[in-house]
Amino acid sequence: MTEKPGRARSLSVEDRQAMLIDAVTPLLLAHGRAVTTKQIAECAGIAEGTIFRAFGSKDDLISAAVAKQLDPEPFRARLRSVDPALPLEEKIRTLVALMRGRFARVFTLMTALGTMGPPPTPEARREFTEIMGRVLAPDLARLNVEPARAAQIIRMIALAAAVPHVRNGPAFDDDDITALILYGIIGRPTSAPPT
């Protein structure tokens, strides 16, 4: 006789909400507000009624998912985790990838939902710049601008590259953007021989 599998362990309300937010986010990117509670339940592996017990409504779940994506603190933590001891080129590429990824995800989500979230506050933008400036500070002798200015340039170019209607043409990858920031449109890396 085979043993019946045990019942899945019960989740706290907070854990269930977090699980649902994680499940709905990719669905929102794909379907926007047209996502159904059936799709959400299937993705999360739960009954539809669980959504309403955890959030009350699909709109409440969507609002919670948007709030999580717009929360700047996890992104700040990722920026702070960039090792200032890395080679400058690697640091710039890492910062570009983080910034571009954040911008692309937020803009894709907002576009899919047909809405725009609140713009980052000047304090939030300043904090992103300060964190990146601290990461770049060990390379001050190699920079043509102050680290905070370099951080502003990285943020600005990553934003423009992440938004299709702003870049208005073929996409740039992280390496393209990094080379543009480091060498401009006529400079060359020091290791490259002149042509």
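Structure values in brief
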{"quantity": "Of all residues in the stretch 131-146 being in a helix (DSSP H, G or I) and out of contact with any Pro (no Cβ under 9 Å at 6 or more places or on another chain), the one that is surrounded by the most Cβ atoms within 10 Å (Cβ to Cβ)", "calculated": "ILE131"}
{"quantity": "Looking only at the stretch 84-116, and only at residues there that are farther than 19 Å from GLU127 by Cβ and in a loop (DSSP other than H, G, I, E, B), the one that is modelled with the lowest pLDDT", "calculated": "MET116"}
{"quantity": "Selected residue (only one of ALA112, ALA85, ALA18, ALA67 is in contact with a helix residue (DSSP H, G or I) (Cβ under 6 Å, 6 or more places away or on another chain) and among the aliphatic types (A, V, I, L, M))", "calculated": "ALA112"}
{"quantity": "Scope the stretch 156-175; condition of a type in the set (D, E, K, R), open to solvent by 40 Å² or more (accessible area, probe 1.4 Å) and either in contact with a helix residue (DSSP H, G or I) (Cβ under 8 Å, 6 or more places away or on another chain) or closer than 16 Å to LEU79 by Cβ (or both); matching residues", "calculated": "ARG167, ASP175"}
{"quantity": "Test for PHE75: is it aromatic (Phe, Trp, Tyr), open to solvent by less than 60 Å² (accessible area, probe 1.4 Å) and closer than 30 Å to ALA150 by Cβ", "calculated": "yes"}
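Conditions tested, residue by residue: (1) over 17 Å from the mean Cα position of the chain (by Cα); (2) without any contact (Cβ under 8 Å) to a residue 60 or more places away in the chain.
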residue: ALA47; (1), (2): yes, yes
residue: ALA54; (1), (2): yes, yes
residue: ASP71; (1), (2): no, yes
residue: PRO84; (1), (2): yes, yes
residue: ARG93; (1), (2): no, no
residue: GLU130; (1), (2): yes, yes
residue: LEU136; (1), (2): yes, yes
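The values are calculated or read from the model by the stated rules, or taken from the named source; none is laboratory data. Note that the coordinates shown come from a computational prediction; the quantities given were computed from them, not determined experimentally. Counting neighbours? That spans all protein chains shown, and the Cβs are built from the backbone with ideal geometry, glycine included. Please note that ligands, DNA and RNA were not included when accessible areas were found on the heavy atoms of the full protein model with its side chains. Shrake-Rupley method; radii C 1.70, N 1.55, O 1.52, S 1.80 Å.
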